[in-house]
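Encoded as structure tokens, the structure appears first; notes follow it.
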């Protein structure tokens with residue numbers, strides 16, 4: 001099986017070294033290069049042809065947001081995963097709008113980073129849980145004020161209630177305990193919610209909100 005070729009872009013050498021050590025432990029991932037700024041990252045993408053770029057947001061010269069946009073425009077087959085200390089949703093929205101596949105905080109667990117890289121390699125979105133919760137909560141607030149009302153009105157009161165707790169980041173088991181229902185019932189409601197919204201998972205709900213302009217950068 002082909003290994004995931006990863007390029008690291010971060011202006012701190014110690015951060016790059018730490019990320020490289022984490023990824024080097026995985027048999028299906030290979031770090032093929034390192035860049036200390038956005039322009040160098042672009043040059044290395046052209047030369048090394050990675051599948052995923054792990055991109056810091058704050059770098060001297062060309063920053064991560066601009067570099068992400070250029071990478072996605074010039075090399076649509078290369079996916080970008082943002083790795084940063086910033087948890088502010090404004091950064092999240094800007095990165096996603098620029099074309100990033102996902103967003104991981106530097107304080108995240110090593111396994112979260114590995115999972116995010118694998119998701120990015122498949123072209124799937126990955127949002128760190130606390131970040132995803134903020135995005136979905138913002139989406140729900142907009143729905144409650146009348147935006148995208150037609151889609152939302154297709155949900156029952158119970159489905160709206162479950163959608164609300166999903167936005168708070170609760171797991172199926174936590175939702176079941178909170179609402180005094182079985183996990184199977186939660187899963188059934190979740191499936192109905194996604195079906196009525198025409199989506200497949202919570203990641204697609206986030207993407208839908210961004211694509212429709214429900215979330216502003």
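In the stretch 41-68, how many are crowded, with 19+ Cβ neighbours inside 10 Å and in a helix (DSSP H, G or I)?
Final tally of qualifying residues: 8.
If residue 88 passes every condition in (1) within 28 Å of residue 58 (Cβ to Cβ); (2) out of contact with any helix residue (DSSP H, G or I) (no Cβ under 8 Å at 6 or more places or on another chain); (3) modelled with pLDDT of 70 or more but one, which one does it miss?
Residue 88 satisfies all of (1) within 28 Å of residue 58 (Cβ to Cβ); (2) out of contact with any helix residue (DSSP H, G or I) (no Cβ under 8 Å at 6 or more places or on another chain); (3) modelled with pLDDT of 70 or more except (3).
Could you tell me whether any residue of the stretch 20-27 is assigned to a strand (DSSP E or B), within 23 Å of residue 107 (Cα to Cα) and touching a strand residue (DSSP E or B) at 6+ places or on another chain (Cβ under 9 Å)?
No: zero hits.
Answer yes or no: is there a residue in the stretch 121-144 that is out of contact with any helix residue (DSSP H, G or I) (no Cβ under 9 Å at 6 or more places or on another chain), modelled with pLDDT of 70 or more, crowded, with 22+ Cβ neighbours inside 10 Å and in a helix (DSSP H, G or I).
no
The values are calculated or read from the model by the stated rules, or taken from the named source; none is laboratory data. This structure is a prediction, so every number in the text was calculated from the model and none was measured. With ideal geometry, Cβ positions are generated from the backbone for all residues, glycine too; neighbour counts draw on all protein chains shown.
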